[in-house]
Amino acid sequence: MKKRKLFIAGNWKMNKTSSEAEKILVELKSKLSPYIGKLNIAVCPAFTALETAVRVLHGSNIKLGSQDVSAKESGAYTGEVSAKMLLDTGVTYAIVGHSERRQYHNETDALVNEKTKMALKSGLLPIVCIGETLHERENGKTYDIITTQFRGSLNGLTSEEMIKTTIAYEPVWAIGTGKTASKEQAQEVHALIRKLLTDAYGSETAEKVIIQYGGSVKPENSAELMAQQDIDGALVGGASLDSEVFTNLIANAIN
Ligand code: PEP
C-alpha cells in the first residue's frame, strides 16, 4: 500500500489552441470523474489556454499547472509570465526546469532554483524536473547528475517548502522517444532521490514528498511503474493529449 497519494499530471507542451483545449477538457472532466479523489490529477496547457481551462474545469477536481514560471516577480521581462499572474488565473502547479527548457532555453539548476523559490513564495506548487541524458547514463553518470540537479535545483528549500514541491524524475532519453525506463531503472533513481531527501531533510519529510516518473508513460506501462515503492505518480507528455488514452493511463495506474 502506497503511503502517498498518486499525482498524475499531463504536460501538453506546445500543443492545443484554446478551442482544442476546451474539447479535450470537456471530455476529461467527464471521463475522469470516477477517479478524482482516488488520486491527484492536473493538466498543464500552454499559457494561452489556461483561462479556457479554468472555465471548463470549474467544479471538477482536476487542477491546472503551467509549463513554466518566471523567476522574477514583475517588471521589464518581455515574454515572461509571473507566478502572481498564474495564481490569479487559477493555476495551482508550475512545471519548472523541464528538460526541454534546460535543453532549448539553456535553463541551469541555478535558474530552476530561482523559479522554484519564486513559485513557492507566491503560493504556486512547483513540479521540478530532473533527469540524465542517454550519454550521461551510458557513461555511468546517472547518480552524479541526479545528485547535482537535485542539490542545485532545490537548494535552500525549507522542509515545509520541500513537502509542497513535487519532483519529477524524467530521464531525458525516455521523453517523447517511446523508450520508457524499466520499472527497475526508474525505481532505482527514485530511491536515490528519496535518499537525497532523507539526507537533507530527515525521513519524516522525505516520506511525504511526491516523486513522479516521466518519460513515455502510457496506459500499457502506468500500472507497473506506479506499483514501485518510490514512484508516486507521473508527468505525462504525449499520452496526455488524447482524453481516452490519458483516462486509460490513469485507470490502470490506480488499479
Ligand atoms: C514530458 O514531457 O514530461 C514527458 C514525459 O513526455 P512523454 O510522456 O511524451 O515522454
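Okay, here's what the table says:
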quantity	calculated
Accessible area expressed per residue, the chain, with surrounding protein chains retained (probe 1.4 Å, Å²)	45
Reachable aspartates and glutamates from Lys29, criterion Cα separation under 18 angstrom, eight or more residues apart if same chain	Glu20, Glu51, Asp242, Glu244
Calculated SAXS-style log₁₀ I(q)/I(0) at q = 0.07, 0.10, 0.15 Å⁻¹ - the chain, Debye, Cα scatterers	-0.21, -0.43, -1.05
Integer Hz, Karplus 6.51/-1.76/1.60 couplings in order for the stretch 103-119, x for Gly and Pro	6, 8, 10, 6, 6, 9, 4, 5, 5, 4, 5, 5, 5, 4, 5, 5, 4
Chain lengthening between Val54 and Thr148 when straightened (0.36 nm per residue, less Cα-Cα)	30.2 nm
Above-threshold pairs, the threshold being 22 Å between Cα atoms, out of Lys3/Lys183; Lys38/Lys117; Lys23/Lys183; Lys13/Lys63	Lys38/Lys117; Lys23/Lys183
Under-5 Å amide H pairs with Glu207, H placed in peptide plane, nonlocal only	none
Residue-wise HN-Hα coupling along the stretch 147-161, computed from phi with Karplus coefficients 6.51, -1.76, 1.60 (Hz; x: Gly, Pro)	5, 5, 5, 4, 5, x, 6, 10, 3, x, 6, 6, 4, 4, 5
Sulfur and carbon atoms: percent of accessible area, the chain [1.4 Å]	51
Interchain or long-range residues, amide H under 5 Å from Val236's placed H	Ala9, Gly10, Asn11
For the chain, calculated [θ]222 nm from helices alone, where every DSSP H run of n ≥ 4 adds -39500 (n - 2.57)	-12500 deg cm²/dmol
For the stretch 1-97, the Rg and Dmax computed from alpha carbons only, in angstrom	14.1, 49
Length added when fully stretched, Lys195-Lys3, from 0.36 nm per residue minus Cα-Cα	67.5 nm
Whole-number percent relative contact order across the stretch 43-164, with pairs defined as alpha carbons under 8 Å at least 6 apart	22
Volume of the Cα convex hull of the stretch 166-215, divided per residue and given in Å³	65
Residues whose placed amide H lies under 5 Å from that of Ile95, excluding near-sequence neighbours	Ser66, Gln67, Asp68, Ile127
Efficiency of FRET between Glu188 and Glu160 - r from beta-carbon atoms, R0 22 angstrom, step 0.05	0.20
Under Karplus coefficients 6.51, -1.76 and 1.60, residue-wise ³J(HN,Hα) of the stretch 222-235 in Hz, glycine/proline x	5, 5, 5, 5, 5, 6, 6, 3, 10, 9, 10, x, 8, 10
Distance in nm between pseudo-label sites at Lys23 and Ala223 (7 Å out along the Cβ direction from Cα)	3.1
Distance between modelled label sites at Asn61 and Thr92, nm, 7 Å Cα→Cβ extension	0.9
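The values are calculated or read from the model by the stated rules, or taken from the named source; none is laboratory data. On a predicted model such as this, the values are computed, not experimentally measured, just so you know. Quick reminder, even Gly has a Cβ in these numbers, built from the backbone with ideal geometry, and neighbours come from all protein chains shown. Ligands, DNA and RNA are stripped out before the accessible areas are found, and what is left, the full protein with its side chains, is counted by its heavy atoms. Shrake-Rupley method; radii C 1.70, N 1.55, O 1.52, S 1.80 Å.
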